1. How much length is gained if the chain between residue B:287 and residue B:612 is pulled fully straight, taking 0.36 nm per residue apart and subtracting their Cα-Cα distance, in nm to one decimal?
2. What number in nm² do you get for region B:496-652 if you take the convex hull of its Cα atoms and divide its surface by four?
3. Over region B:290-364, what is the mean sequence separation of C-alpha contacts under 8 Å (at least six apart), divided by residue count, expressed as relative contact order in percent?
4. How would region B:1-45 be classified by its alpha-carbon gyration tensor: rounded, prolate or oblate, with rounded meaning a/c under 1.5 and the a/b versus b/c comparison settling the rest?
5. Got a sec? How would A:168, A:68 order by Cβ neighbour count within 10 Å, fewest to most?
6. For region B:9-24 and region A:40-77, what is the separation of their Cα centres, given in Å?
7. Can you pull the semi-axes for region A:27-174, root of five times each eigenvalue of the Cα gyration tensor, sorted largest first, whole Å?
8. Can you tell me the Rg and Dmax of the protein assembly as shown, counting just the alpha carbons, in angstroms?
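We did not get these values from a lab; they are worked out from the coordinates using the rules stated. Keep in mind the model is a prediction, meaning the values are calculated, not measured. Cβ placement follows ideal geometry from the backbone for every residue including glycine, while neighbour counts extend to all protein chains displayed.
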């Protein structure tokens, strides 16, 4: 992890869309008068969501004005937390879990698929600029390892082929179905196992 | 009042103090980097670790409140080991480039590593390198040296009131920077150089100039504004290398303004180092005896009421006093003044021209009303106090004019004198606020005194405060904000002419001889006047002069200055005048000897004792001006705040290259329009 610097090419302006604005105002209302600055993290996240998963400097300025706080304070927060992206990551932001449980279940195959379909290197945009990938630490879905996250959705129980299938879809602009790719509902046991004692179908 | 033990010594400390302060009280010195008395507590350097009984881990004493029954140890092997560990981490990424670092010799890290440093590093990895940051023309950065104490960040946000510095990134990648690397927009910015415990922020104009142990240090007072900040002047031979603040809790606390700190390079440029005489429009070098002879013959050949004299904004009180004596005794004439503008002044009472509530009083005040003043530029340190009062007590500030950013919020009115009139006639909402405030402060700037109806307004304000019993034993709400170091001193000495308007007479060319002592701000069209200019710098005054007498700057002679609160402080001689130049009082004394074969004073001591005697008599004497001057009708005016260019407000600052750079960097920011 190196110091994440803001991207070189920055949009000139940023403004909340009407839905973001509504959401932001709702969050600001949660804080008592004079403590609106506490909403900065939530607002940065809203801006990131609105702006294809990254936060331009213009958005930081906009939020600083929105909450009446110094720019540098917003800038500090945005550079501190690694889940705020300061340069473009594409409309589809792929995060592949490579922590131990996923690694044991073959996460490196998922990484290979990323390299093949998206870009050679982490944090690099695909050719059509719609997608990028990065390795992350545990996303808390070890039961369904290996898995990855694309924007807000988890894609679980993957292997290399299924991952490539998903990438093909997102590169075409479709939204693939989230959840398990071995037909499980959530984290239910496979093969009709009912209890841990039941070793019949294990 | 908790009682605790530090190294088996019992101490009792006030509520709310920290363990570190308790240790200091018990005489145990605690090493620290991030902790600073005047800033909020951060607790992030961990250097101040001490052992506390019943605590398995060492505690950071700067962030731990002192509590009843604590048993603190600061000198055990356990503490030393903990501090050594911290120091090793701090040094892991610190480049050991002390030989080329300007902080060397006065570096906290260097000093403390003498005690807690380990001679060998176990850190085999590459040290990190951090790019340098642009922080303007005053602050040189070498961010690789930074140990992230965040003192500079806290200073900028809390004291200077400009939230422009911050720490970005995290962990090893943390960096201190201004937002997108603009220079800091504050007149107090250079104080971060003193605060920086390492060499990350150093002084740009002073870079590689000298080592601290080579410099002669003189504690003196500053003359760049009327606050009278206490400073230490460091000289190397004749040159003033730098100016640093010294602590005076009643005046400047620990800070000085950038002008105070950096105008000192103006002491090296444009200096008058030998007497000059103007022949056919050209200046030619001359000797002292020549110029004195010419001046004598000039004085003898003109009638005494055709002679006038003006004292400038940086002259010390001794010079002012001997100048007055020279006119009173040698020339038998009272055509002298220290004002360079038509300002209203009733010097019958001292409270009419000083800052009566005192600088410390700002913190007790509950309502501050600024009339015709912009304290940020007129008295930067005083403005920092107002900000401190605002931060600590949420003091309400009202300003008649919109004067831009003062580093604290204030309510601004329309800037018309009619508004002052209605407020102090008692019919406005603000009038009631002033009446109900227990310790209101009315700060009147020089701009108000220059108005046509200044007399009525001033008396109206004063009477309003009197009628409503705001003058109490411990509080005087009337405050005059002078801009120049010599103003109050000159008024105390009575270097004034209330009988006639000398300026008008000067402008209509009624005088034959004009004697200027450090006075460069007069605006008049010179005709046939013979102008004698005595001063330290070749500036506006010297330009129009026929004879130049080279004098000394404030660092080159002992002399008293009275600050805006009326506190008299002595400036000490740190260096000596250049070339043939002499101390100002000496020049006048010798001139008097040439004129009358008798010196005015035998030596400086006689001059001083005579001056103090005069001041004492003035204090006892109540001057009563009974004849009321006729008061013209009140007319509404727009009150414009006239501020001299902040970075060029006096001769020294005008000769300073650093001040020019500061001004330029400010102009650049303005013109690009990208500052946000």
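1. Details: separation 325, 0.36 × 325 = 117.00 nm, distance 3.33 nm.
Stretched fully, the residue B:287-residue B:612 segment lengthens by 113.7 nm.
2. The directionally averaged projection comes out at 13.4 nm².
3. 27
4. oblate
5. A:68, A:168
6. Here the two parts' Cα centres lie 42 Å apart.
7. On the way: eigenvalues 216, 56, 30 Å².
So the three semi-axes of region A:27-174 are 33, 17, 12 Å.
8. According to the Cα coordinates of the protein assembly as shown, Rg and Dmax are 34.5, 129 Å.
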